[in-house]
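Accompanying notes for the structure given below.
The values are calculated or read from the model by the stated rules, or taken from the named source; none is laboratory data. Since this is a predicted model, take the numbers as computed values, not measurements. In this analysis, Cβ positions are derived from the backbone assuming ideal geometry, glycine residues included, and neighbour counts consider all displayed protein chains. The accessibility values were calculated without ligands, DNA or RNA, using every heavy atom of the protein model including side chains. Shrake-Rupley method; radii C 1.70, N 1.55, O 1.52, S 1.80 Å.
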Amino acid sequence: MRVFLNGRFVDESEAAISFDDRGFLFGDAVYEVIHLYDGVPYRLDPHLKRLERSLAGAMMEPVDMSLITRVIQDLAGREGREDPDAIIYIEITRGAAPRNHMFPGPDVRPTILLWCRPAPPPDEARVEKGISVITVADDRWAKCWIKTVNLLPNVMAKERARRAGADDALFVRDGMVLESTASNLFIVVKGVLKTAPVTNYILPGITRATVLELAPGVGVPVREEPFSVDELMAADEVFLSGTTSEVLPVTMVDQKTLREGRGPVAKKLKAALQEDVRREVAAGRGD
Ligand code: PDD
């Protein structure tokens, strides 16, 4: 596999990162995950804008986004063509320097890594039947809007879910349910779609924004407002949204079955998302 590392494409066997890299030592790095459909990066601009915001939020120097765009187009045009459903991963660390909490000087360049891999094959049974989740106390930091690789609380919550026989975990802060370990969260109450408002405590998901944009067009009113665990348990439908999860129904929370199979609103929004992907792919390929 080809990867882009620090200014050039190399074979993965040659792609080595220093043990002094601050991404490795401190989790001092930000990242993005972009879905490629038929070789077209979906919603590229908002992903790049969020990457710029994450860099600024992490007090990292801006990175030339035209370089990142060129690399994405290169990966999309080669590796992305081989698989109709692929993922581009971008990571930018503060660079490699002898371990010191203090930021290194301006001579230390950021480490920039991009690769493209086939997306994990969609589990159609799960999309139809829905997944099970547990609720966990949100013990993450207060800057969840920065897409940082500091994901220890997320991976531990995911593991707790696995050990409880569930698929994912929902973070709960001050009684309000926010998002899952790698997706945003929606509920449907009496036909109205609700999701936690954008605050420091969630990642402002690109798929979340897309769902909010598409919902009114398919007759689903939306409201960005906080909701509690009780509201979640009483909701008519629950689903996750994300670059890899797309629209994924949740049918069991803390071992309580909410419903059997995915609901009509999740179905409509999944179809609307697929239609939007088709539009963007057609535009991107110049069809
Ligand atoms: N995760 N919330 C969290 C905590 C996330 O990590 C993600 C994305 C989302 C959804 O954001 P988007 O729709 O922009 O993908 C919400 C990526 C996919 C990951 O970590 O792999």
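List of remarks:
- Condition check for Ile131 on (1) under 14 Å from Ala29 (Cβ atoms); (2) under 21 Å from the mean Cα position of the chain (by Cα): one failure, at (1).
- Segment 199-210 residues that are under 7 Å from Asn184 (Cβ atoms) and more than 6 Å from the ligand (Cβ to nearest atom), paired with ones that are hydroxyl-bearing (Ser, Thr, Tyr) and open to solvent by less than 30 Å² (accessible area, probe 1.4 Å) (beta carbon under 9 Å, 6 or more apart): Ile202/Thr195
- When segment 171-186 is limited to residues that are among the charged types (D, E, K, R) and in a strand (DSSP E or B), the one that is farthest from the ligand (Cβ to nearest atom) turns out to be Arg173.
- Condition check for Ala164: among the small types (Gly, Ala, Ser) and within 21 Å of the chain's Cα centre (by Cα): no
- Segment 63-86, subset in a helix (DSSP H, G or I) and closer than 15 Å to Ala119 by Cα, residue most open to solvent (accessible area, probe 1.4 Å): Glu82
- When Glu246 is tested against (1) more than 10 Å from the ligand (Cβ to nearest atom); (2) touching a residue at least 40 places away in the same chain (Cβ under 8 Å); (3) open to solvent by 20 Å² or more (accessible area, probe 1.4 Å), just one condition goes unmet, and that condition is (1).
- Within the option set Thr195, Thr210, Thr148, being hydroxyl-bearing (Ser, Thr, Tyr) and more than 23 Å from Glu275 (Cβ to Cβ) holds for one residue only, Thr148.
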